[in-house]
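In what follows, a single structure is set out as structure tokens and then discussed.
The values are calculated or read from the model by the stated rules, or taken from the named source; none is laboratory data. None of the values given here were measured: they were computed from a predicted structure. With ideal geometry, Cβ positions are generated from the backbone for all residues, glycine too; neighbour counts draw on all protein chains shown. When the accessible area is computed, the model is the full protein with side chains, heavy atoms only, and any ligands, DNA or RNA have been set aside. Shrake-Rupley method; radii C 1.70, N 1.55, O 1.52, S 1.80 Å.
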Amino acid sequence: VSRPPLVSVKGIPLIKYFAECIERLKDLQVWPDDVLISTYPKSGTTWVSEILDMIYQGGDQEKCQRGPIYTRVPFLEFKAPGILSGMETLKQIPAPRLIKTHLPLLLLPQALLDRKVKIIYMARNAKDVAVSYFNFYKMAKVHPDPGAWEDFLEKFMTGQVCYGSWYQHVQEWWELRKRQPVLYLFYEDMKKNPKREIQKITEFVGRPLPEDIIDRIVQQTSFKKMQENPMTNYTTAPTEVMDHSISPFMRKGITGDWKNTFTVAQNERFDADYEKKMADSDLHFHTDL
Ligand code: A3P
């Protein structure tokens with residue numbers, strides 16, 4: 001399997017196939033009831049996508065079995081050989097649509113902002129993202145070879161990974177909430193109190209649900225349930241795109257796994273660099289679990 005190098009689009013490194021798709025995104029037809037799920041990769045995108053589809057289906061688990069998560073919540077900039085692209089998938093689904101993206105604001109179709117679509121952003125602490133991304137790079141072969149962990153970590157810290165800098169991404173979408181309807185969520189909060197976070201989402205999208213339905217959504221979107229569910233665990237994706245024998249997509253689903261991968265020296269270097277890159281921001285992560 002060939003692993004093409006990343007391609008820079010306006011300075012943002014992207015998977016070759018995704019880069020080819022960017023130009024076409026300007027043709028995106030935006031509907032007023034579209035909801036955009038935005039994340040830096042490996043921050044719980046699939047989790048929050050499944051939660052949203054469950055909310056939109058009124059907690060009906062059967063309806064959420066109608067297809068793999070990437071067909072129910074199309075991935076805006078997705079393109080790969082032999083598979084329906086995100087833009088094509090979007091044309092096939094009825095309103096109200098849930099749309100997923102990892103794009104930094106620089107590459108986001110302006111129409112989504114002009115039309116003021118509701119945006120749900122999910123952020124996850126940088127260290128767990130880096131570890132999760134490293135394992136994902138290995139199994140999702142549309143990425144370049146990640147190399148050794150210490151090399152990958154260096155690339156992560158300098159933004160030389162697909163979608164560029166985590167630091168820039170989490171901060172710019174945090175700032176965006178001052179100008180756009182953005183619900184900014186944290187993976188760590190979702191782990192700690194999924195019920196409260198899911199309630200926040202139902203309010204934000206204007207679809208309140210009775211408590212017993214919320215409880216059911218909490219259960220159905222647990223890591224274990226989603227790990228076993230072929231419609232959420234990505235085992236339906238072609239092996240050329242994801243090879244679960246290398247590392248499953250539903251890998252661990254916990255907070256603090258970085259401690260099993262970072263050395264003490266790497267951690268100290270990471271913290272010092274992190275402080276510099278995040279110094280101007282009032283965005284804080286809750287990782288002391
Ligand atoms: P790990 O690799 O740390 O296990 P994304 O969907 O943005 O690609 O993020 C994938 C990460 O979210 C993986 O993290 C995956 O295990 C985790 N994840 C997926 N569903 C989850 C769930 N229901 N609960 C907790 N974590 C989940």
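So if each residue of separation counts as 0.36 nm, and I subtract the Cα-Cα distance between Lys16 and Met278, what length gain in nm does that give?
Numbers: separation 262, 0.36 × 262 = 94.32 nm, distance 2.92 nm.
The Lys16-Met278 span can extend by a further 91.4 nm.
Could you calculate, for region 1-117, the ratio of the Cα radius of gyration to the Kirkwood radius, expressed as Rg to Rh?
Numbers: Rg = 14.4 Å, Rh = 15.0 Å.
Taking Rh as the inverse mean 1/r over Cα pairs, Rg/Rh reads 0.96.
In nm, to one decimal, how far is the modelled label at Lys91 from the one at Ser8, with both set 7 Å along Cα→Cβ?
The answer from the label model is 3.3 nm.
Specify which residue in the list Ala80, Gln92, Gly58 is farthest towards the positive end of the charge dipole of region 1-99, using unit charges on the beta carbon of Lys, Arg (+1) and Asp, Glu (-1), about the Cα centre.
The Cα lying farthest towards the positive end belongs to Ala80.
Let me see the P(r) profile for region 59-157: every Cα-Cα distance counted, bins of 10 Å, each bin given as a percent of all pairs.
Going from the shortest bin to the longest, the percentages are 12, 34, 36, 17, 2.
Rounded to the nearest 0.05, what FRET efficiency is calculated for Asp271 and Lys138 with R0 set to 22 Å and r the Cβ-Cβ distance?
The pair Asp271/Lys138 has a calculated efficiency of 0.30.
Which of Ser245, Ser38, Ser132 moves most in a GNM of the chain, Cα contacts under 10 Å?
Residue with maximal mean-square fluctuation among Ser245, Ser38, Ser132: Ser245.
Bin width 5 Å, origin at 0, all Cα-Cα pairs of region 164-226: what percent of pairs per bin?
4, 15, 21, 21, 18, 12, 8, 2, 0
Which whole-number percent is the relative contact order of the chain (Cα, under 8 Å, 6+ apart)?
Working: 400 pairs, mean separation 71.2, N = 289.
Relative contact order of the chain: 25 percent.
Quick check for you: with a 1.4 Å probe and neighbouring chains kept, what is the accessible area per residue of region 1-79, in Å²? Before the final figure, lay out the partial values.
Numbers: 3110 Å² over 79 residues.
Using a 1.4 Å probe on heavy atoms only, each residue of region 1-79 averages 39 Å².
What is the Cα convex hull volume of region 243-289 when expressed per residue in Å³?
Values: hull volume 5.9 nm³, N = 47.
Cα-based convex hull of region 243-289, divided per residue, equals 126 Å³.
Using a Cα-Cα cut-off of under 17 Å, which lysines could be cross-linked to Lys118, ignoring same-chain neighbours fewer than 8 residues away?
Hits, sequence-local ones excluded: Lys100, Lys178, Lys200.
Between Arg177 and Glu211, what is the spin-label point distance in nm, taking each point 7 Å from the Cα along the Cα→C-beta axis?
That separation, rounded to one decimal, is 2.6 nm.
Given N residues in the chain, what is its alpha carbon radius of gyration divided by 2.2 N^0.38 Å?
0.95
Note the direction-averaged projected area, equal to a quarter of the hull surface, for the Cα convex hull of region 148-196, in nm². Before the final figure, lay out the partial values.
Numbers: hull surface 19.6 nm².
Directional mean of the projected Cα hull area for region 148-196 stands at 4.9 nm².
Just tell me the longest site-free run in the chain, where the sites are GluC sites (Glu not before Pro) in a DSSP loop having at most 15 other beta-carbon atoms within 10 Å.
Numbers: sites that count: Glu62, Glu240.
Longest run free of exposed loop sites: 63-239.
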